[in-house]
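See below for the structure under consideration.
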Amino acid sequence: MVRSLVLVALAWLPAASRAHVAPSSAAPADSFALDFATPDSTFFSAADSIWGLTEPVIVIGAPAGRSADPAATAVDAVTISARDARSVADLGPLLPATKVNVNSRGESLFSVRGAPERHVRVFLDGVPLNVPWDERADLSMVPADAIGSLRAVRGVGGVLDGPNALGGTLDLLPPTLPGDGRRTRLGLRYGESRAWEARALHQQAAGAWQWLAAAARREQDGWIVPEGLDAPFNQGEGRERLNSDLAQSSLLLRAQRELRGGGTLRLLLVASDGEKGVPPETHLDDGARYWRYPVARRGLFAASLDRPASGARPWGLSASVAGDLSRQEIRQYDDATFTTPELAPGVDYETDRDRTAYARAGTTRRLGADASVAVQGIARYTHHRESLVKDGPELAYAQWLTSLVAEGAAKPARDWSLRAGAGWERAATGETGDKPARNAIDAVVAHARVQRDFGDGLALHAAVSRRSRFPALRELYSGALGRFVPNPALMPERQDLLETGAVARGANWEAGLTGFAGRLRDGIERVALDDLTYQRVNIDEIRVLGVETVMAWRPAPAWSISAHHTLLHVRREVDGAWSGPLEDRPSYLAFASLTWLAPGDFRLAVEGAAVGPRESVDVTDEVDGLRRLPAGATLGARAGWTWRVPPAGLSRVELYLRVSNVFDEAIDSQTGLPEPGRMIAVGANAWFDAWER
């Protein structure tokens, strides 16, 4: 309890500003230097100082533009690298108001501001990563090796975000080089339970072209549970979490060409192939999921063109096309031995095959120096085939998702900015397997935002929006190997959101405050049924109230502190009162990080995360199908050392030690699904740079 109180208090401390990338006149011609001036983007993070940038280094990843929106977070390459992230799921704690949920399917998903994970859209280099069948992306299977920077927007950023973006968007961007030359980065990591990872990334730039290739292999026998974990079922005597192994190989190839007159053309290929176990619920004897993913395979290819408007060209163009192929197989077992039944025709064995085509096209017209209008169209077609038994018949499902929106921006006065947009979205299910057909559904979207800059680092904004989310095909039609009851009658969710916020900046600090209020009509929620199964149903109305604080402070060149804290109050309407609890809506979320650049190129960092009490679905509960989970907090630490006088050809070497959940706290992600206990990992990174002078 004392540790939890300390961590919650720590989460209110102010936070550190990000490093700023700038050419250095004092540095050699083949390097860039970092200074610690007021950051170029709003919030984040303290992890940058873990690198101790007292000497010129190259930082891969362009910083985001300065923002007056405290609900928009930019994270650069320095911060991402210092997280030692194995997957995008490991980056979740950096993002305010964001909780990483691990569900009973073994998927890691982001919940933002208490919104369900299907309200969050994830993009890689502008291409959607959400799998249309489920409208989610398992972020534990999205490698972070080639992520150079990210931008996260909480709430509704605008109508150009695309369909189903009610809770926020996460844009993952591959790294780029600051000039002609090449860079190679090699990494190796080893941790408890024989968890290891090897990765390589190579970049090269020459004239108008840039190329990137990244490959990685990671494996683990499992992860360690907290000592003394009370697990009535499905765990055993050992501390290695039952059925928590993972193995994955990944590849990313990217080519970018700068176009004459401005703009870029990008080609992207992403492929991954893996398998993993799904830890079963520890509170269930009968009804737990005894699953494994023997196949989790995905390939994505895309081409994108961006040609912004310029002084001589009033029209801008942006377009992208993508193809997404994925295959997932789920092997279901009888019990925690994971040995029976023998795999044979007719045995429960789910096979999911998805083929998705995506296209986006938009144009922008500048109207003088301070105004513009943008029009964008999106079309996505997905075809899903599902079989529920080994060598059994397949059912086919298909969906069209389309969007046409327009958005205008203007500065009516020097200190005022306005942005407003509206549009139309539509979902049509062309194939519904053996389920009844559905009529197409339409929705109107709208968004407006006003901002006032007062000078001296102070800015205020307010925004209002109306958005909808169409139910995913899996929510409508899939039984998930007997765990869910399909509901083909689901209606779309409709959200009205009001948000207002302020940002203030000083020479070495930043602070932001955002308040938001939302009302979700026909919210889609999971409910427990009497036969130990679940079903997705529409809830009449859900109200969301919240306040976010984000702070950054660098009290001295060697010290930085960062923090964010979110208070949430989410309830459903019951008998005319906002009194009904909902699944996985914690009363607060907090994160804090303290970093110190010690003498001798040693970097030390401590970070704490806290999650408030919340309700979680429990099929054994006879009252309302929910169980109250207590508040919890964890502490992590990292020590790193950089060697800057390596042999010829080797630019830099870093050795590090990371300890997660130092105090071995027991926290459930959901009912019966404990998070990892104390885990220790060591690693090394090496950079080989050659820059054109």
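Read-outs: derived from the displayed coordinates by stated rules, not from any lab. Predicted model only: the values in this text are computed from it and were never measured. Ideal geometry is used to build each Cβ from the backbone, glycine not excepted, and the neighbour counts take in all protein chains shown.
A cut-off under 10 angstrom between Cβ atoms defines the neighbours of Pro345, and their net charge, with Lys, Arg +1 and Asp, Glu -1, is 0. Put +1 on the Cβ of every Lys and Arg and -1 on every Asp and Glu Cβ in the stretch 456-577; which of Asn538, Pro492, His569 then has its Cα farthest towards the positive end of the dipole? Going by the Cα projections, it comes out as Pro492. Label sites at Trp211 and His569, each approximated as a point 7 angstrom past Cα along Cα to Cβ, lie 5.9 nm apart. Per residue, the average separation of C-alpha pairs within less than 8 Å and at least 6 apart gives the stretch 253-378 a relative contact order of 20 percent. Taken as Cα centroids, the stretch 405-431 and the stretch 466-527 sit 19 Å apart, rounded to the nearest whole angstrom. Placing +1 on each Lys and Arg Cβ and -1 on each Asp and Glu Cβ, with no other charges, gives the chain a dipole about its Cα centre of roughly 2620 debye. This structure gives volume of the Cα convex hull per residue in Å³, computed directly, and of (1) 154; (2) 197; (3) 271 that value is listed as (1). The lysines whose alpha-carbon is closer than 25 Å to the alpha-carbon of Lys276, local same-chain residues fewer than 8 away aside, are Lys99, Lys390. With a cut-off of 14 Å between beta carbons, the residues surrounding Ala428 carry a summed charge of 0, where Lys and Arg count +1 and Asp and Glu -1.
Restricting the stretch 191-294 to trypsin sites (Lys or Arg not before Pro) that sit in a DSSP loop and have at most 10 other Cβ atoms within 10 Å of their own Cβ leaves Arg260.
The spacing between the stretch 135-169 and the stretch 646-684, judged by their C-alpha centroids, is 24 Å.
Take every Cα pair under 8 Å whose residues are at least 6 apart in sequence, average their separation, divide by the length of the stretch 2-691, and the relative contact order is 14 percent. Test of the criteria: in the stretch 208-242, which GluC sites (Glu not before Pro) are in a DSSP loop and have at most 16 other Cβ atoms within 10 angstrom of their Cβ? Those that pass, being in a loop and sparsely packed, are Glu227, Glu237.
Between Phe663 and Ala396, the simple spin-label model (points 7 angstrom out along Cα→Cβ) gives 5.7 nm.
Neighbour counting of Cβ atoms within 10 Å sorts the residues His461, His569, fewest neighbours leading, into His569, His461. Once the other residues with Cβ under 10 Å from the Cβ of Ala681 are scored (Lys, Arg +1; Asp, Glu -1), what is the net sum? Computed value for this residue: +1. Once you sort the root eigenvalues of the Cα gyration tensor of the stretch 106-245 as a ≥ b ≥ c, which label holds: rounded (a/c under 1.5), prolate (a/b larger than b/c) or oblate (the other case)? Verdict is oblate for the stretch 106-245. Applying 1/(1 + (r/R0)^6) with R0 = 22 Å to the Cβ-Cβ distance of Leu650 and Trp196 gives a FRET efficiency near 0.50. With the dipole of the stretch 2-691 worked out from charges on the C-beta (+1 for Lys and Arg, -1 for Asp and Glu) around the Cα centre, which of Val225, Gly612, Leu589 lies farthest toward the positive end? Result: Leu589, furthest along the dipole toward the positive end.
Averaging Cα coordinates gives a centre for the stretch 285-352 and one for the stretch 573-640; these two points are 28 Å apart.
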